[in-house]
């Protein structure tokens, strides 16, 4: 019953308060933003970190409300943007497209507008420890018109989706239990999932880094880079690392533009000096 702009304003206020009540996350974000904004004064980095947490709370409110949107409202989620042009070029090859977003902006509204525009989309999602919460999140995402595949059950179903020339989306900055690849992000070593690169190389699908910065209550822009700086060498281990690096380099540009819309409340970088050589896979 409450208008979404009002809910987003309340959520932003709650997020700002949480910043001061959550010392562990506050300290972690300070270390992360030292890498992202190395030349900014500490006061500015604190402001950006606080705004990031506020934006994350706004994202949660928007996600909760998105299942009630009409088809016309779902189309109106995105501002005028050329962000789908690279995706269309990739799908024109007929081998599907792997899109790799981060915890940035509102990726669920990105899925909403993609489904509303008629793209067939499979999203790889993690399982939450609380069964009730997991059920709510799954139901909410399926209500947006996307197909959800749990992370622990990925495999042939994703390959089949790509062979039908559909789109597969999987977050590239999620926590890892195994199977990561080391790349550089903002000049320092980080380990991220190798799945997007492996899937694209295995199937020949187009691959792109995508981001969905918030542009107001329930509105997003669509940023994409399907022209990644990558040329296959034929060595699979090398190519997985190089393609993942290209994806993360594209994301670095997105984060530089909107640092307060990247939601990273855990330690992201390895404890390595920035000048340590990056060893190959």
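The values are calculated or read from the model by the stated rules, or taken from the named source; none is laboratory data. All values reported here derive from a predicted model rather than from experimental measurement. Counting neighbours? That spans all protein chains shown, and the Cβs are built from the backbone with ideal geometry, glycine included.
At-a-glance table
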| item | result |
| --- | --- |
| Hits in the stretch 187-238 (condition: under 30 Å from residue 74 (Cα atoms), more than 13 Å from the chain's Cα centre (by Cα) and in a helix (DSSP H, G or I)) | 195, 197, 199, 200 |
| Residue within the stretch 133-141 that is at pLDDT 80 or above and surrounded by fewer than 22 Cβ atoms within 10 Å (Cβ to Cβ) present | no |
| Top-ranked residue of the stretch 119-132 - restricted to ones that are outside any strand (DSSP E or B) and at pLDDT below 90, ranked as surrounded by the fewest Cβ atoms within 10 Å (Cβ to Cβ) | 129 |
| Residues (more than 15 Å from the chain's Cα centre (by Cα), part of a loop (DSSP other than H, G, I, E, B) and surrounded by 20 or more Cβ atoms within 10 Å (Cβ to Cβ)) located in the stretch 87-108 | 96 |
| Single match in 194, 217, 205 (criterion: at pLDDT 95 or above and crowded, with 16+ Cβ neighbours inside 10 Å) | 205 |
| Scan of the stretch 33-57 for residues that are assigned to a helix (DSSP H, G or I), within 24 Å of residue 248 (Cβ to Cβ) and touching a residue at least 12 places away in the same chain (Cβ under 8 Å), ordered by number | 33, 35, 36, 45, 48, 49, 51, 52, 53, 55, 56 |
| Qualifying residue in the stretch 58-65 (condition: in a helix (DSSP H, G or I) and at pLDDT 95 or above) | yes |
| Residues being within 25 Å of residue 212 (Cα to Cα), assigned to a loop (DSSP other than H, G, I, E, B) and modelled with pLDDT under 85 - total across the stretch 151-170 | 1 |
